[in-house]
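For reference, the structure discussed in these notes is given below.
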Amino acid sequence: MGLTSFARVWEAFDLGRGAGDVRGTPDDGTEGDMSELHWTQVDGVTTVWAESQGPLCCGLLFRAGRCDETLATSGRTHLIEHMALATIPDVERRHEGFVGALTTGFATMGRPEEVATYLGRVCDALAALPSERLEAEKSVLEAEAATRSPEVIGELLAWRYGAAGYGLIGMPELGIASATLDELQTYSAQRFTRENAVLWLSGPPPAGLRLPLPQGVRLPAPPLAPVLSTLPCWFTTDELGGVAVGATVPREPAVSLFCEIVNRRLRERLRTERAVSYSPDVGYEPLDAETGHVILYADSGEERRAELVSAFADVLTGLDEVDDAEVETARKVLLDGWTGPLAPPPDVLVLQELERAALDWIAGRAFEPMAAAAAEVAAVTTAEVVAFGELALGNALFALSSDVDPAPCMGVRAPLSHEAPVEGREAASADAPVVADRLVVGRDGVTVRGPDGLHATVRYAQLEAALSFRDGGVCLVGRDGTWLVIEPTLWRDGQRFCREIRECVPVRLLLDQGSRPAEAIPRPETTALQRLLFRLSGS
């Protein structure tokens, strides 16, 4: 299941507040003074609730997400979430689950007794995952993955953080197929515990509510570990349909004003004035207690892609000039929508506060009521917005189509690989001498080197996963996010080299991908005659 309103609310209303003040965020479950929010505990689970009209809504959140996995086990949290929900009938389609970077959540709405029953059954299922649903839910997730389109946010995070931690958001869920029930149950017992959970409710806890979760520990968010050493920089992808940039920024009040100003400029310049983009957009996603990720995107047709990149860059470089009037306009839009005449109805605001409070608890961050957060935004100066923009663009990572040139403000090309080339035995391309690439297989890793000096290298010490195909092909994925595909059909003596590579991979990282159809196995692009003529020509 995809992201629910939890993530969208956090993104829309996160205001970048500092994490140093812990007032009103009781880690011990005692009640704190948090406006209309009440903190308590239910069976050892931190619980936050507030009075609201309508059916009782709830969200049971765990500090367990994609960032806690490895590439070889990725997707198993998603599988656990699916298996738990598969035990609970949902004719009215009121139940929902999601897995994000830091969080796994289960939500529903209904009468108090229905909510209590749902939450109890979720906890029971997490403690004893249904074995009869293992293979079925694997198939469901396979179908879900087949329909999922590439997301620019995932690509930006994968290039920034590699094939671990937050970079896994942009990686396929490779660990689902090989997961066993025992492995899943062990992982569930470690992550889905009462100390590692928070429950929010739009009313007092129902009578008879029980949350039978095992004892554990509250887990912190994993550290941010970027692999890029030089920023700003750019990479190419032909899945984008436009241009995008991501930047990691501190979670402070200026972020909301910055995003509003950039969004208005992109729409005015790219859509209204230049008519080069249909839906330019700005997004924001918290990563941990102190850091967020700002994403700017604009689409276009292929024939105007170069013009789009130029206009996009002009908007970004112009952010060093922001006047007071522009800031005040953006501020009015934000405050009107948060606490002013355009704010949601009170009951909706209560739900938003509850969701934000629970997600801040997950991130280990101080919660701040919307009114206080709005007051902080009201105090942000124009100079602070400009400084925030300079900081964001200084660590920007751009995604471009391969058919356009980067603008000067986009910096250098991101390296295809962050590891130095290995030394070892070399193999020529099956298309040599037409193709001059070389495969180098060493004792500590593998390199594919091109004649232009570019190379891709994965060292076994930094290996996150290896995909193995029955026809002999192998794909190594390094910690830095390098995907190195070695096809035996494309190298001289390729089967022997691929066999030697597989023998160097730890069993726990070797993921069997089964057989491929014949048409999926690549073949040399040249004929023997073409290679002979190339040699005779002396090229």
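The values are calculated or read from the model by the stated rules, or taken from the named source; none is laboratory data. Remember, predicted model here, so these are calculated numbers, not experimental data. As a convention, Cβ positions derive from the backbone with ideal geometry for all residues, glycine included, and neighbour counts pool all protein chains shown.
Structure notes:
- The stretch 502-512, subset in a strand (DSSP E or B) and out of contact with any Leu (no Cβ under 7 Å at 6 or more places or on another chain), residue surrounded by the fewest Cβ atoms within 10 Å (Cβ to Cβ): 512
- Taken as a whole, the condition of being touching a residue at least 60 places away in the same chain (Cβ under 8 Å) and either buried (at least 20 other Cβ atoms within 10 Å of the Cβ) or of a type in the set (A, V, I, L, M, F, W, C) (or both) does not apply to residue 436.
- The stretch 218-248: number of residues that are touching a Ser or Thr at 6+ places or on another chain (Cβ under 7 Å) and either surrounded by 15 or more Cβ atoms within 10 Å (Cβ to Cβ) or farther than 23 Å from residue 160 by Cβ (or both): 5
- Among residues of the stretch 372-398 that are more than 16 Å from residue 331 (Cβ to Cβ) and at pLDDT 95 or above, those with a beta-carbon under 8 Å from a residue that is basic (Lys, Arg) and crowded, with 17+ Cβ neighbours inside 10 Å at least six positions away or on a different chain give the pairs 397/160.
- Top-ranked residue of the stretch 127-156 - restricted to ones that are touching an Asp or Glu at 6+ places or on another chain (Cβ under 9 Å) and among the hydrophobic types (A, V, I, L, M, F, W, C), ranked as farthest from residue 96 (Cα to Cα): 152
- Check on residue 246, of a type outside the set (S, T, N, Q) and at positive phi: no
- Condition check for residue 136: over 24 Å from the mean Cα position of the chain (by Cα), modelled with pLDDT of 95 or more, within 13 Å of residue 79 (Cα to Cα) and not basic (Lys, Arg): yes
- Here 81, 69, 114, 137 are screened, and the one residue that is surrounded by fewer than 19 Cβ atoms within 10 Å (Cβ to Cβ), assigned by TED's automatic domain parsing to the domain that holds residue 196 and of a type outside the set (S, T, N, Q) is 114.
- So residue 122, is it in contact with a strand residue (DSSP E or B) (Cβ under 8 Å, 6 or more places away or on another chain) and farther than 30 Å from residue 236 by Cβ: yes
- Listed by first and then second residue, the pairs linking a residue in the stretch 210-223 that is outside the structural domain of residue 44 (by TED's automatic domain parsing) to a residue that is hydrophobic (A, V, I, L, M, F, W, C) and in a loop (DSSP other than H, G, I, E, B), with Cβ atoms under 6 Å apart and 6 or more places separating them unless they lie on different chains, are 221/102.
- Residue selected from the stretch 125-134 under the condition part of a helix (DSSP H, G or I) and without any contact (Cβ under 8 Å) to a residue 60 or more places away in the chain, by the criterion surrounded by the most Cβ atoms within 10 Å (Cβ to Cβ): 125
- Taking the criterion of being within 15 Å of residue 398 (Cβ to Cβ), in contact (Cβ under 8 Å) with a residue 60 or more places away in the chain and either in contact with a His (Cβ under 9 Å, 6 or more places away or on another chain) or of a type outside the set (S, T, N, Q) (or both), the residues of the stretch 284-310 that qualify are 293, 294, 295, 297, 305, 306, 308, 309.
- Pairs where the first residue, in the stretch 507-524, is closer than 20 Å to residue 174 by Cα and the second is modelled with pLDDT of 95 or more and of a type in the set (Ser, Thr, Tyr), C-beta under 6 Å, 6+ apart: 510/468; 512/468
- For residue 140, the requirement of being over 19 Å from residue 182 (Cβ atoms), out of contact with any Leu (no Cβ under 7 Å at 6 or more places or on another chain) and in a loop (DSSP other than H, G, I, E, B) is not met.
Okay, residues lined up against (1) part of a helix (DSSP H, G or I); (2) more than 20 Å from residue 427 (Cα to Cα); (3) aliphatic (A, V, I, L, M):
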site	(1), (2), (3)
497	yes, no, no
500	yes, no, no
514	no, yes, no
523	no, no, no
532	yes, no, yes
535	yes, no, no
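- Selected residue (criterion: surrounded by the fewest Cβ atoms within 10 Å (Cβ to Cβ)) from residues of the stretch 269-297 that are out of contact with any Pro (no Cβ under 7 Å at 6 or more places or on another chain) and among the aliphatic types (A, V, I, L, M): 275
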